[in-house]
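Remarks on the structure that follows.
Derivation of every value follows stated rules applied to the coordinates shown; laboratory data play no part. As the structure is a computational prediction, the values presented were derived from the model and not from experiment. Cβ: placed from backbone, ideal geometry, glycine included. Neighbour counts: every protein chain shown.
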Amino acid sequence: MRSKTPTRNELIAHPLRMRVMVALAGRELTVEQLGSLLDSVPMPSLYRHIALLIDGGLLRVVAERGAGGRRERVLAVADGAGLLDRDAIDPDSVDENAHYVNVFLAELMTCYADAVRGTGVRPGDWRCRGLSLYLSPEESVELNRALLETVRSFADRPRTPERRLRRLALVDLPMRDLPATQDPAPGPEEEPRP
């Protein structure tokens, strides 16, 4: 019996496939280089998941070159491939939405764990900031667009010896709140730092 073809969201929202896509974000790498970065992943498993991402159109082969008497593929994330298809997610399903958020947050933790296991990375070289804001859905979209625009202004900086690859994640989650009539005076308040 043949299994069904995974959807775009199913392809992206898998812990290992998300790690592959994050490792390739903004750069081109060989499968061997990916294996070095994701050294806790057995190579047969890595090859299998890369094949799924290529077949699903999320990764592309940008070059092939000879290496040690064999052909080696150079991979990149396909244009626009890193985003979930939000229209295919039921906005009222707690379980479905929680799944996508959990996979994303788990990838962040794995990214950090992989980095501190590597060489030359200080375990304390991280920053977390939290801010609680009162925003309408439209204002939330506006804020996220403005933040992404600011972050993108840093994206084209070249790799140099003093620059380390960093993972910056923007997470905008709704919070449980009191009815507006019981609410204290609004205003942003920075969360305690861990």
Residue that is nearest to Glu107 (Cα to Cα), among those in region 1-15 that are buried (at least 16 other Cβ atoms within 10 Å of the Cβ) and among the hydrophobic types (A, V, I, L, M, F, W, C): Ala13
Here are the criteria: (1) touching a helix residue (DSSP H, G or I) at 6+ places or on another chain (Cβ under 6 Å); (2) farther than 21 Å from Pro137 by Cα. Tell me which single one Asp55 does not satisfy. (1)
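Residue-by-condition table, conditions (1) free of Cβ contacts under 8 Å to residues at least 40 places away in the same chain; (2) surrounded by 17 or more Cβ atoms within 10 Å (Cβ to Cβ); (3) touching a Leu at 6+ places or on another chain (Cβ under 9 Å); (4) closer than 22 Å to Asp87 by Cα:
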residue: Met21; (1), (2), (3), (4): no, yes, yes, yes
residue: Arg27; (1), (2), (3), (4): no, no, yes, no
residue: Ser45; (1), (2), (3), (4): yes, no, yes, no
residue: His49; (1), (2), (3), (4): yes, yes, yes, no
Extreme residue, nearest to Val101 (Cα to Cα), among residues of region 29-43 that are touching a residue at least 12 places away in the same chain (Cβ under 8 Å) and of a type in the set (S, T, N, Q): Ser40
Scope region 60-112; condition surrounded by 12 or more Cβ atoms within 10 Å (Cβ to Cβ), of a type outside the set (A, V, I, L, M, F, W, C), under 21 Å from the mean Cα position of the chain (by Cα) and not in a helix (DSSP H, G or I); matching residues: Arg60, Gly82
Taking region 113-153 only, how many residues are not polar (S, T, N, Q) and not in a helix (DSSP H, G or I)? 16
